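This report concerns only the one structure given below.
The values are calculated or read from the model by the stated rules, or taken from the named source; none is laboratory data. No experiment lies behind these values; they were computed from the predicted model shown. A quick note on method: Cβ atoms are made from the backbone with ideal geometry, for glycine too, and the neighbour counts reach across all protein chains shown.
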Amino acid sequence: MKRDFMESTKTPFKRFIFILIDGAPYAVFKELVENDVLPNIKKHVIARGCLKKAVSVFPSTTGPAFTPFFMGLFPGTANIPGIRWLSKADFQNPHRFKRPGVCSYLGLDALDFEADLPVNPTLFNFFSPVSNIYNPLARGCPPDKNLTRWVKPFAYAYAHFSHQWRFVNQIAGRHLCKAVEAGDRFVMCLFPAVDTFSHLSHTQSPQVIETYREIDAAVEKIADNLQKTNALDETLMLITSDHGMTNTHTHIDVVKQMDDAGWRCLHYPRLWRRGATSASMVSGNGMTHLYFKNEGPGWGKRTSFEHLQKMGVIEALLELEGLALVAGQSREGSIIVQNRIGRAKITCQAGTFSYRFEQADPLGYGVCYDTLSSSEVLRQTYDAAYPDAIVQLWQIFQSNRTGDLVLSAASGYDLRARYEIPEHHATHGALLAEHLHIPLAMNVPIAETCIRSVDVFPTVLNLCGRVVAQDPKIDGKIVY
């Protein structure tokens, strides 16, 4: 569906090219730019505009981290709290595989990703003609303009087993150039290989760096085409990522910890386990949702943090080396976050946030906050070890699919010790700054220093002469 739009006060861009590099950490991207490894991105995008350090969302993983860019929504608002999730209200035996009881977007459930989202418009609804390349959130894009719709399943499957992800990126680059040459008003291109090669090796391996170079070469080709057609100045170009990453040295076996403590744990791919009283749903391997079965039929409602503490769950989890944070919802609705040294409470009333801790501060801010706006939270915590965590923890628990507990790993650790084939050597998904900080390169200057990925949606529409109405409400705001 098309939405009405209002003209921006500035001369709007006529075209928009959106390049998303899956798994590009801000620090790595910035270093490559400064060392002239990405000369074309530097020349055609950053030199004409800016390179900002933006904050992604929790969980910082592909899928949930796409909803900010394309819909202006946090994952909690969009009710997509992870790559994997369980709906306690719908998960029942013996029909445990019936949707929407349990979900993994890494399998056949990927076909239902768009159907699981709210009805809000996406970026595709504001432009015509459009093209989509590899991006899983293609709602609003005509099927014939979803250029990799048919080749993606085969290309991804081949690359997964052969590790030939460069081949997948090359397909993306060819489609990107053709869509730009065709004059499409909005071209979205996802390059997945930085993420996949990082998982296979580390975040700055030779394969990863070469993949960045190939993306930079694609930018040179499309910039040359835009210059030849005198369209460069009227084209908005954005290059960013959905999440960062850290290298991994240790895998934490959360499932074994639950089993040993007496809470038999469901987990992918072992969803058929009988007598299970808990479930672990991992995203990006840096975070996981934990669900606990309540008494009676089904799995019931969300279990409070206080009740889980009485059960001994919190204590059992904090024994795990490398587990940085445990968060849950209290009986009165506040969010409690705890680690081995302290506990804090997050509340939100009338759109303002408060954060108070006992003993040591688990998020490391060292300051209690009262009645901060969402923007003030971002500014106060932007460069902290857990940037924007107050808002991010609050938003994820707004989804009824979020676990009773949400776990976040420390740097160097992940939360999946089984069935990760091939073994992952890099991790994302956690609340860590290295996972949340992403590059935001645009060919237009932005003065604002504190930006969330959820702000991209309204900002891009504004720069292109369109603004989305606040009904339905979005989470992002326009930044200048």
Do we have any residue at all in the stretch 354-374 that's buried (at least 20 other Cβ atoms within 10 Å of the Cβ), among the hydroxyl-bearing types (Ser, Thr, Tyr) and not in a helix (DSSP H, G or I)?
yes
Within the stretch 270-290, of all residues that are closer than 18 Å to residue 312 by Cα and over 21 Å from the mean Cα position of the chain (by Cα), the one surrounded by the most Cβ atoms within 10 Å (Cβ to Cβ) is 279
Residue selected from the stretch 43-75 under the condition out of contact with any Leu (no Cβ under 7 Å at 6 or more places or on another chain) and more than 30 Å from residue 233 (Cα to Cα), by the criterion surrounded by the fewest Cβ atoms within 10 Å (Cβ to Cβ):
63
Counting only residues that are over 25 Å from the mean Cα position of the chain (by Cα) and of a type in the set (A, V, I, L, M, F, W, C), which one in the stretch 329-381 is farthest from residue 431 (Cα to Cα)?
350
Tally up the residues in the stretch 150-182 that are without any contact (Cβ under 8 Å) to a residue 40 or more places away in the chain and out of contact with any Phe, Trp or Tyr (no Cβ under 9 Å at 6 or more places or on another chain), please.
10
Consider residue 480 against the criteria (1) farther than 28 Å from residue 324 by Cα; (2) out of contact with any Lys or Arg (no Cβ under 8 Å at 6 or more places or on another chain); (3) touching a residue at least 60 places away in the same chain (Cβ under 8 Å): it satisfies all of them except one. Which criterion is unmet?
(3)
Exactly one of these conditions fails for residue 316: (1) small (Gly, Ala, Ser); (2) in a helix (DSSP H, G or I); (3) out of contact with any helix residue (DSSP H, G or I) (no Cβ under 8 Å at 6 or more places or on another chain). Give me its number.
(3)
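I want to confirm something. Restricting to the stretch 1-26 and keeping residues that are surrounded by fewer than 16 Cβ atoms within 10 Å (Cβ to Cβ) and of a type outside the set (Val, Ile, Thr), which single residue is modelled with the highest pLDDT?
Of everything passing the filter in the stretch 1-26, 14 is modelled with the highest pLDDT.
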Filtering the stretch 395-429 down to residues that are buried (at least 20 other Cβ atoms within 10 Å of the Cβ) and either closer than 18 Å to residue 346 by Cβ or β-branched (Val, Ile, Thr) (or both) yields 395, 396, 397, 399, 402, 403, 404, 405, 406, 407, 408, 427
Within the stretch 53-138, which strands (runs of 3 or more DSSP E) (wholly inside it) include 1 or more residues that are closer than 16 Å to residue 20 by Cβ, touching a helix residue (DSSP H, G or I) at 6+ places or on another chain (Cβ under 9 Å) and hydroxyl-bearing (Ser, Thr, Tyr)?
130-133
Would you mention how many residues in the stretch 214-269 are over 30 Å from residue 458 (Cβ atoms), of a type in the set (A, V, I, L, M, F, W, C) and under 27 Å from the mean Cα position of the chain (by Cα)?
7
What do you reckon, is residue 201 surrounded by fewer than 20 Cβ atoms within 10 Å (Cβ to Cβ) and in contact (Cβ under 8 Å) with a residue 40 or more places away in the chain?
yes
Matching residues, the stretch 140-158, being surrounded by fewer than 19 Cβ atoms within 10 Å (Cβ to Cβ) and either assigned to a helix (DSSP H, G or I) or of a type in the set (Asp, Glu) (or both):
143, 144, 151, 153, 154, 156, 157, 158
